[in-house]
Amino acid sequence: MGTASPQPTLNRLRQTLAEIDPSNAPRLAGAERLVGLADPINRALGGGLACAALHELAPTTPIHLGATSGFALAVAARASGERRQVLWVTTDYAAGEGGGPYGPGLDLFGMASARLLVLRVPKPVDVLWAMEEGLRCRALACVIAEMTGEGAVADLTATRRLALAAREGVSAQNSGLGLLIRHKITDMPSAAATRWEIAPALSQPDAYGGIGRARFDLSLCKNRRGPSGRWTIEWDHHERAFQPALSVGVAAPALDRPDRAPLVRAG
Amino acid sequence: MWLRRLSTDRIERRSSERVEIFVVVASINGAQRITALTDGAARLGLKTGMGLADARARYPKLPVVEADLEADQRLLENIADWCDRYTPLVGLDPPDGLFLDVTGCAHLFGGETALARDLVTRLTQQGLRARVAVADTVGGAWGVARYGKPGIIPRGETKAAVLPLPIAALRVDAETAADLRTSGLTCVADLAARPRAPFAARFGKSLLLRLDQALGDADEPIVPRLPLPAAMAEQRFPEPIAREADVLGTIEHLGRQLVAVLDRRGEGGRLFQAALFRADGKVHRLEIGTGSPLRDSARVRKLFEERLAVLADACDPGFGYDMVRLSALVTERCDPMQTGLAGSDHAEELAHLIDRFGARFGLRRVTRLVPQDTHIPEYAVAAVPAHASKQMPSVPSSLVEQDSLSAVRPVRLFNRPELIEATAQVPDGPPISFRWRHIRHQITHAEGPERIALEWWHDDQGNQLTRDYFRVESRAGVRAWLYREGLYDREIKPPDRPQWYLHGLFA
């Protein structure tokens, strides 16, 4: 070896180190990309939600599906930036049971519906197939898939396949982010990098007592790279950014700020 | 081509033991009449149209089968499907005939004689008795197959072959033929030699039209059963193939030939069809549509792979396929595009992914959310098939007026609003609690009402109710979109109460 090719040796050593202590995982150029959430969570995740990986989300009770979908869409909005496409895979049954993604609502939430591709499949098994294909496709920034119930078909083997597909599909455009929403929390084993249980949190009312920005109560139950934990964070749909939930009111956004999702005043 | 014993052949093919003599009867004008019979029965002197009672009087033990016209029709269509192997232009001639336009196809089978022999041999192997005539005109072939000596009528001799045939060979109804016979006109030549005007006056134009069509004086196109492809390629096998990989390999190989043809025309295919001809006569047809003109045989193969994956059971290869045909049914202009040197534009990859989803699940299931010009929440966005959404004029998303820090539209909307129980402090005030799917939620914040009246210009009966929408947040943080249907006192009179619905969930 020696001086001729130091790079492979170095990489091998880094990998060995990473196996011993995941928090020391090397920042390999290009391979490692992260979607930043709010500060305290990023620390637990080692910088942010890892791309090129599968993440599982589930609502703590069925009515919290709205919050779960919201969190998934917020992550997708951050991962897809301004131009890239997002795929949403759902089954007929799931769409009947929990409703389908609603365009105007997504636009207001910060995830442009024009960049969302919605696929409705007949059976849960098809969700797995479609998600895998979607993750392999280099044109998609993020794939969100949902399954009713615990999503029993997404077992260890199936999630392993998805995780591998997520790793393969990474390209300049694709962050290889797979978000699997189970409609019910489960303790089935899975190959996902993280598993989240999501509930909404009371929002901070605005100056007039109205409903404030969406807040999520996130429980990170499983984390391959670090500790688990529980946080409350807020989604700012204008800035497309998560913030730690503050208990004091924040100043209303200036009306002449650079415009993203236009804020139209009524009356 | 005339399948002279279609009904009885169908029944004989089904039955396990061989019965030489039987008849098929149907009730015509209130009497049981023979509609079809076997050769054996014909030798006994029975005829179609004869009453069953008469036949029974002569042969008391005559076996009888009820007619099933639908099954006959299905069999005829299946045979037509199968005949597709000879020419793409097959026309039905119910109840028991088929027209095949073999112009330009016959040489593939070694000439018209060889084609006809092949056709009859194969049908006989299937237990179907057929008489085939090849002639210059559709009418001529029809008449010769039924009333003349079947075979090939050389070019230009159709007239001579048709003239000696009886009048019935002109495809006229039995009544007209009988009337002409009583006036002493028995064969086509008698009719053709006489002045036309009196016949037109007596029997109408159709008789003369049939005469002209048979003799080649009037043009008669064959109405094809299936749309004619813009381009096609096919492959025959001496030994049937059954493995999926072989079929797909063949499709890719044919795809290459097809793409070369399309390339020369500067076109790409939008709709492809693969016809798999099973050795025992069944034909499977698979179709795939694409979002943009396609001329890449590997992708065509990939799309058919998806299609086969879902149709695995419906496409049982049985003894194998002895012919595969790939046709491009719909084509579109497709100009070659300059690709960037970096080549990292993945738009094409996305289009291919959409096509593959479409091939597996149906193109209608891959959708994009396209805003619509209406303020009714459930119609404000339409799920338009992704491959068509480019052509769809998209209304610029006129954002809903946002007067809140939170989004005023939910991220998930129920197709059908869910009925809930809700209580409000004052009849038309915001709700203070609601019960959805057996769980009660206490509301701490409510914004609204946002009054959405339905479109009266689309409402003829005037029975659509105004909705008052509320955005609510429960004590646990659940944010939902509720509405009350109907205005108190104006649209709904007490003691009736308006219903409450949950329409969507916010993040």
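Things to note:
- Any hit, segment B:378-387, residues being within 13 Å of another protein chain (Cβ to nearest Cβ) and at pLDDT below 80: yes
- Flag for A:GLY178 being closer than 20 Å to A:ALA94 by Cα, more than 8 Å from chain B (Cβ to nearest Cβ) and surrounded by fewer than 22 Cβ atoms within 10 Å (Cβ to Cβ): no
- Among (1) among the small types (Gly, Ala, Ser); (2) within 19 Å of B:VAL102 (Cα to Cα); (3) in the same structural domain as B:LEU326 (by TED's automatic domain parsing), the one test that B:ALA242 misses: (2)
- Among residues of segment B:409-431 being part of a loop (DSSP other than H, G, I, E, B) and free of Cβ contacts under 8 Å to residues at least 40 places away in the same chain, the one that is farthest from the other protein chains (Cβ to nearest Cβ) is B:VAL426.
- For A:ASP206, the test of being buried (at least 16 other Cβ atoms within 10 Å of the Cβ) and part of a strand (DSSP E or B) is failed.
- Considering B:GLY340, B:GLY291, B:GLY281, the condition of being at pLDDT below 80, out of contact with any strand residue (DSSP E or B) (no Cβ under 8 Å at 6 or more places or on another chain) and closer than 25 Å to B:LEU108 by Cβ is satisfied by B:GLY281 alone.
- B:ALA201 falls short on exactly one of the conditions (1) of a type outside the set (Ser, Thr, Tyr); (2) assigned to a helix (DSSP H, G or I); (3) touching a residue at least 12 places away in the same chain (Cβ under 8 Å), and that condition is (3).
- Residue list for segment B:174-190, restricted to those being among the polar types (S, T, N, Q) and under 15 Å from B:PHE203 (Cα atoms): B:THR176, B:THR182, B:SER183
- Boolean, B:ALA114 is modelled with pLDDT of 85 or more and surrounded by fewer than 17 Cβ atoms within 10 Å (Cβ to Cβ): yes
- From the options B:GLY184, B:GLY281, B:GLY268, residue that is outside the structural domain of B:TRP142 (by TED's automatic domain parsing), of a type outside the set (Phe, Trp, Tyr) and surrounded by fewer than 20 Cβ atoms within 10 Å (Cβ to Cβ): B:GLY281
- Identification of strands (runs of 3 or more DSSP E) wholly contained in segment A:59-175 with 3 or more residues that are within 22 Å of B:ARG360 (Cα to Cα) and facing chain B (nearest Cβ under 7 Å) yields A:116-121.
- Within segment B:292-333, the set of residues being buried (at least 19 other Cβ atoms within 10 Å of the Cβ), of a type in the set (Gly, Ala, Ser) and either within 20 Å of the chain's Cα centre (by Cα) or within 16 Å of B:ASP280 (Cα to Cα) (or both) comprises B:SER327, B:ALA328.
Condition check ((1) among the aliphatic types (A, V, I, L, M); (2) under 29 Å from the mean Cα position of the chain (by Cα); (3) surrounded by fewer than 18 Cβ atoms within 10 Å (Cβ to Cβ)) across all residues:
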| site | (1), (2), (3) |
| --- | --- |
| B:VAL120 | yes, yes, yes |
| B:GLY143 | no, no, no |
| B:ARG146 | no, no, no |
| B:ARG155 | no, no, yes |
| B:GLU175 | no, no, yes |
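- Residue pairs whose Cβ atoms lie under 8 Å apart, separated by 6 or more positions or on different chains, with the first residue in segment B:5-33 and part of a helix (DSSP H, G or I) and the second exposed (fewer than 11 other Cβ atoms within 10 Å of the Cβ), are B:GLU12/B:ARG18.
- Qualifying residue in segment B:124-133 (condition: outside the structural domain of B:PRO221 (by TED's automatic domain parsing), free of Cβ contacts under 8 Å to residues at least 40 places away in the same chain and surrounded by fewer than 22 Cβ atoms within 10 Å (Cβ to Cβ)): yes
Results for (1) closer than 20 Å to A:THR61 by Cα; (2) outside any loop (DSSP other than H, G, I, E, B); (3) in contact with a His (Cβ under 9 Å, 6 or more places away or on another chain); (4) at the interface with chain A (Cβ under 9 Å from one of its Cβ atoms), shown as yes or no for each residue.
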position: B:LEU465; (1), (2), (3), (4): no, no, no, no
position: B:TYR469; (1), (2), (3), (4): no, yes, yes, no
position: B:VAL472; (1), (2), (3), (4): yes, yes, yes, yes
position: B:ALA476; (1), (2), (3), (4): yes, no, yes, yes
position: B:ALA480; (1), (2), (3), (4): yes, yes, yes, yes
position: B:TYR483; (1), (2), (3), (4): no, yes, yes, no
position: B:ARG490; (1), (2), (3), (4): no, no, no, no
position: B:PRO495; (1), (2), (3), (4): no, no, no, no
position: B:TRP500; (1), (2), (3), (4): no, yes, no, no
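- Residue match in segment B:465-488 (condition: at pLDDT below 80, within 26 Å of B:ALA382 (Cα to Cα) and not assigned by TED's automatic domain parsing to the domain that holds B:GLN372): no
- The one condition in (1) assigned to a helix (DSSP H, G or I); (2) in contact (Cβ under 8 Å) with a residue 40 or more places away in the chain; (3) out of contact with any Phe, Trp or Tyr (no Cβ under 9 Å at 6 or more places or on another chain); (4) assigned by TED's automatic domain parsing to the domain that holds B:LEU286 that B:GLN235 fails to fulfil: (1)
The values are calculated or read from the model by the stated rules, or taken from the named source; none is laboratory data. Here the structure is a predicted model, which means the values were calculated and not measured. All Cβ positions, even for glycine, are placed from backbone atoms using ideal geometry, and neighbour counts span all protein chains on display.
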